[in-house]
Amino acid sequence: MSLHIPVMLPEVCRLLEGLENKRLIVDATLGLGGYSEGILHKWQKVAVLGIDQDPQAVEVARRRLSDFGDRFKAIHGNFRDLSCLLNESGMGKPDAVIFDLGVSSMQIETPERGFSFQENGPLDMRMNTTDEHQDIAAEIVNTYSMRELTTIFRKYGEEPYALQIARGIVRHRERSGPITGTSELVEVIRKTLPAPVQRKMGRNPSRKVFQALRIAVNDELDALDDALEQCTGLYGGRMAVIVVSYHSLEDRIVKNKFREWKSKGLGEVPFRKPLTPEQEELEGNWRSRSAKLRAFFFKEGSMEGKAK
Ligand SMILES: C[S@@+](CC[C@H](N)C(=O)[O-])C[C@H]1O[C@@H](n2cnc3c(N)ncnc32)[C@H](O)[C@@H]1O
C-alpha cells in the first residue's frame, strides 16, 4: 500500500496560519492522516479531531499518529453527522474544519474495494464497509432500470454517453446475467461505445461511470451539502472552512454555499477563484491534477440572527 500524499497541504497550512487560536482543527476526511499529521507537526499546541467513514482508514491513521497522544483523536463516522460527532467527541468548538474530498490512494489501490477501473475487484465502492444497508455498486449496475442508470451516469458522472452505456449494461444483463466485477463492467462499456467515440473520450472511457457509481453508492454530494450546512452552527469565534475538491459537481456545491454565506454577511471568501496546486505538486502527485481549494472565514459573532 502506498502512502496517500496529501494534496495542497502547504496551501491549507497557510490558510490556517491566519487564525489566531488554532486550538482544535477538524480533519473531516482523515484518510491516512496526511493533513492531520502535517498540522500536528506544525503547531505544537493544536489538537486534531479526524473523522472518516472508512473504518480501515481510521484504524491506519490512529496507528500512524499515535505518537501525538491526546492531541489527536480519530473517529469513525460520516461527516454528514458533523455536529453530532463533534459533540460526542467533547473536544469543544473547532477553529477550522477541513474537507479533502473523494477517495484515498489506499481505497483506489485496494482492488477488493471496487473503486478502480484498472484492476479487477467486486463492484462494491462503499467507503463505509460496515454499512450493510447501503446499495453497493453491483446492486445499482444489476438492478436499476436503463433510465435510472442513465440518470446516475449523467448526474454524477456528467457522462455524455450515459444513455448508450446504460443501454449496453442492460442488454448485457439480459444476455449474460449480472455483471460481477469491475473488469467486466469496463469491458461492457468498451464494447458498447464505438472506437471513434472512445478515442474522443481520451482517458479511460469508464472513468466517469465509475465516478458516478461511487458518488451514488456513498451519497457523496448530499453528504457534503449536509456537512457544510452544519458548519454555520459550529463556530464560536472566527472559524475557517477549507475544502479541496476534485470535480466540478463538488466544487459547485462548495462555491454556492460560500456565496450564500457571504451574502448573509457571515464572513468572507479570501480569494474569489479557487486555488490550484503549484506546478511542482502537479508533477509529483497525479491525484492533485484536478484539485481545487476554496476557503471561507466566518467572522466572530456573525451567526447572531443571520444564519438559517
Ligand atoms: C482524499 S481522502 C483524504 C486524504 C487525507 N487528506 C490524507 O492526507 O490522508 C478522502 C477520505 O475522505 C473519506 N470520506 C469521504 N466522504 C466522507 C464522508 N462523507 N464522511 C467521512 N469521511 C469521508 C474517504 O473515506 C477518504 O478516506
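The values are calculated or read from the model by the stated rules, or taken from the named source; none is laboratory data. Bear in mind the structure is a predicted one, so any value in this text is a computation, not a measurement. Ideal geometry is used to build each Cβ from the backbone, glycine not excepted, and the neighbour counts take in all protein chains shown.
Checked against (1) of a type in the set (A, V, I, L, M); (2) on the phi < 0 side of the Ramachandran plot; (3) within 11 Å of the ligand (Cβ to nearest atom), M8 passes all but condition (2).
Just one residue in the set E59, E88 is more than 9 Å from the ligand (Cβ to nearest atom), out of contact with any Leu (no Cβ under 9 Å at 6 or more places or on another chain) and within 24 Å of R214 (Cα to Cα); that residue is E59.
Exactly one residue among E119, E148, E112 is in contact with a strand residue (DSSP E or B) (Cβ under 8 Å, 6 or more places away or on another chain), of a type in the set (D, E, K, R) and surrounded by fewer than 18 Cβ atoms within 10 Å (Cβ to Cβ), and that residue is E112. Cβ separations smaller than 7 Å between residues 6+ apart or across chains give the following pairs from the stretch 102-115 residues that are closer than 19 Å to G181 by Cα to residues that are polar (S, T, N, Q) and within 10 Å of the ligand (Cβ to nearest atom): R113/Q107; F115/Q107. The selection criterion, being of a type outside the set (S, T, Y) and either in contact (Cβ under 8 Å) with a residue 60 or more places away in the chain or over 17 Å from G38 (Cβ atoms) (or both), does not hold for F68.
Here D251 does not qualify as at pLDDT 95 or above, surrounded by fewer than 18 Cβ atoms within 10 Å (Cβ to Cβ) and of a type in the set (D, E, K, R). Where helices (runs of 4 or more DSSP H) fall wholly inside the stretch 205-308, the ranges with 3 or more residues that are touching a residue at least 40 places away in the same chain (Cβ under 8 Å) are 207-218, 220-231, 248-263. The residue of the stretch 17-39 that is farthest from the ligand (Cβ to nearest atom), among those that are surrounded by fewer than 22 Cβ atoms within 10 Å (Cβ to Cβ) and at pLDDT 95 or above, is L24. Quick check: anything in the stretch 177-188 assigned by TED's automatic domain parsing to the domain that holds C13 and touching a strand residue (DSSP E or B) at 6+ places or on another chain (Cβ under 8 Å)? No, every residue in the stretch 177-188 fails to be assigned by TED's automatic domain parsing to the domain that holds C13 and touching a strand residue (DSSP E or B) at 6+ places or on another chain (Cβ under 8 Å).
Scanning the stretch 92-109 for residues that are away from the ligand (no atom under 14 Å from the Cβ) and either surrounded by 17 or more Cβ atoms within 10 Å (Cβ to Cβ) or small (G, A, S) (or both) returns G92, P94, D95. In the set A57, A61, only one residue is surrounded by 23 or more Cβ atoms within 10 Å (Cβ to Cβ), at negative phi and touching a strand residue (DSSP E or B) at 6+ places or on another chain (Cβ under 6 Å); that residue is A61.
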